[in-house]
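Engineer: What follows is a structure written as structure tokens; I'll ask about it next.
The values are calculated or read from the model by the stated rules, or taken from the named source; none is laboratory data. Only a predicted model underlies this, so the values are computations on that prediction, with no experimental measurement involved. Every residue, glycine among them, receives a Cβ derived from its backbone with ideal geometry; neighbour counts consider all protein chains shown.
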Amino acid sequence: MALTLKKILRHRIVRQNIKYIGVGVLVGVSLSLLIAGLNGKGIAARQVFFNILFSIFISLGISNIFSIFQCYSSRLTRNFWQLILLYYLCNILGMIVGIEISYFIISLFYNIKYEAFNHLQDYRSISVIVLIVGTIMLLYHLQKRNAENALKAKEADLIKINQLKTEAELQALQSKINPHFLYNALNAITSLIHEDPDKAEDMTIKLSKLFRYSINSQHENFCSLQEEIDILNTYLAIEKVRFGDRINFDIDTDNTLSHMQFPRFLLQPLVENALKHGLKDTAENGLLAVKVIKEDNQAHIFVRDNGSPFPTELIAGYGLQSTFDKLTLLYPNSHEIEMSNEPIKQIKITIPLSA
């Protein structure tokens, strides 16, 4: 019973009628005090009852008729002044309905014969009050609507600014990632030029391919997982020339995730970080594995290596920090990052399947 009543009270029309009952009581009491002050004879309980009764039902009549009108106003009005004219017509019609309902209730309470639409004098006198109160309410609603529209416009501008800010931050991250591994790759090419010119040439071609891909996609924050793996494989092809047989690479992804929307250049900095810090001193049998699996409605990304463990007090370098920043911008409050050394050294990232 209590839940049903609470549900009814939440309904917009019910809340609107409760509000206008309050308005009617307030107008009725104010009118009674005004009349008492003007005639100096005090306040009669019966007259107060009549004033409140009429005010309540006139308020309800006007508000409900205007609500019905609002449902079809787009068909009936083409400009502002048509809307104003129809608003006042609703006020007059609501007043007539309210007066007739009030007289009908009075006839029941006081055993008086009810004569429908035979209250012309009341229509004339009450219409003045209705037009005054209606004009005040109209000005209030117009001012409220203008304030709401201005607030919505500001909110829309703020959302747009935040979106542009996020895009700028993501593009800044992207622009920093490319020079970061460019520096390392060029150093490797330089060291190979005299030792193994063929390998240096091979690395240069692969580096050119990688940059061509990144430049063509610079303003896109997402790609398919398959495209991201292609980026990673191109990068690893460069590193294989550099590391030779010292490190084995293992890429394993769920085939059903090939077309999922995946953050562009997310894997490459993590893999580069593992090579630069975890496996830099590995002479042989190094292993770097990347795995992407699906669980429920999430993708779990693992980057593992058998190199040096993460330090107890980890200070995030550029590779890790750029990853943290990118995930925060793309998946605010909906991603997880875990770093562990046992039972296997890995970084685990969890993101939703839909971006």
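Engineer: Return yes or no: is ALA299 surrounded by 18 or more Cβ atoms within 10 Å (Cβ to Cβ), hydrophobic (A, V, I, L, M, F, W, C), farther than 26 Å from ASN187 by Cβ and at pLDDT 85 or above?
Structural biologist: Yes.
Engineer: Kindly indicate the residue of segment 330-355 that is hydrophobic (A, V, I, L, M, F, W, C) and buried (at least 16 other Cβ atoms within 10 Å of the Cβ) and also modelled with the lowest pLDDT among those meeting that condition.
Structural biologist: LEU330
Engineer: Is there any pair linking a residue in segment 280-304 that is more than 26 Å from THR256 (Cβ to Cβ) to one that is assigned to a strand (DSSP E or B) and of a type outside the set (Lys, Arg), with Cβ under 8 Å and at least six apart or on different chains, and which?
Structural biologist: THR282/ILE247; ASN285/ASN248; GLY286/ILE247; GLY286/ASN248; GLY286/ASP305
Engineer: Let me ask something additional. Anything in segment 58-83 that is loosely packed, with under 14 Cβ neighbours inside 10 Å and either modelled with pLDDT of 80 or more or basic (Lys, Arg) (or both)? List them, or say none.
Structural biologist: Of everything in segment 58-83, those that are loosely packed, with under 14 Cβ neighbours inside 10 Å and either modelled with pLDDT of 80 or more or basic (Lys, Arg) (or both) turn out to be ARG75, ARG78.
Engineer: How do the strands (runs of 3 or more DSSP E) wholly within segment 252-308 filter down when requiring 1 or more residues that are touching a Pro at 6+ places or on another chain (Cβ under 7 Å): which remain?
Structural biologist: 298-305
Engineer: Check GLU220 against each of (1) among the charged types (D, E, K, R); (2) loosely packed, with under 15 Cβ neighbours inside 10 Å; (3) at pLDDT 80 or above and name the one condition it does not meet.
Structural biologist: (3)
Engineer: Looking at segment 236-263, I want the residues that are modelled with pLDDT of 90 or more and crowded, with 19+ Cβ neighbours inside 10 Å and have a partner that is of a type in the set (Val, Ile, Thr) and assigned to a helix (DSSP H, G or I) with Cβ atoms under 8 Å, at least 6 apart or on another chain. Which pairs are those?
Structural biologist: Hits for this filter: THR253/ILE229.
Engineer: I'd like the full set of residues that are in contact with a helix residue (DSSP H, G or I) (Cβ under 8 Å, 6 or more places away or on another chain) and polar (S, T, N, Q), limited to segment 99-131.
Structural biologist: SER102, SER127
Engineer: Quick one: is GLY307 within 26 Å of ALA200 (Cβ to Cβ) and either of a type outside the set (Ser, Thr, Tyr) or at pLDDT 85 or above (or both)?
Structural biologist: Judged against the criteria, GLY307 is a match.
Engineer: Here's another thing I want to ask about it. Suppose we filter VAL97, VAL130 for residues that are under 46 Å from the mean Cα position of the chain (by Cα), at negative phi and touching a residue at least 60 places away in the same chain (Cβ under 8 Å); which single one remains?
Structural biologist: VAL130
Engineer: Is it the case, given these coordinates, that THR256 is out of contact with any helix residue (DSSP H, G or I) (no Cβ under 9 Å at 6 or more places or on another chain) and among the β-branched types (Val, Ile, Thr)?
Structural biologist: Considered against the rule, which asks whether it is out of contact with any helix residue (DSSP H, G or I) (no Cβ under 9 Å at 6 or more places or on another chain) and among the β-branched types (Val, Ile, Thr), THR256 comes out as yes.
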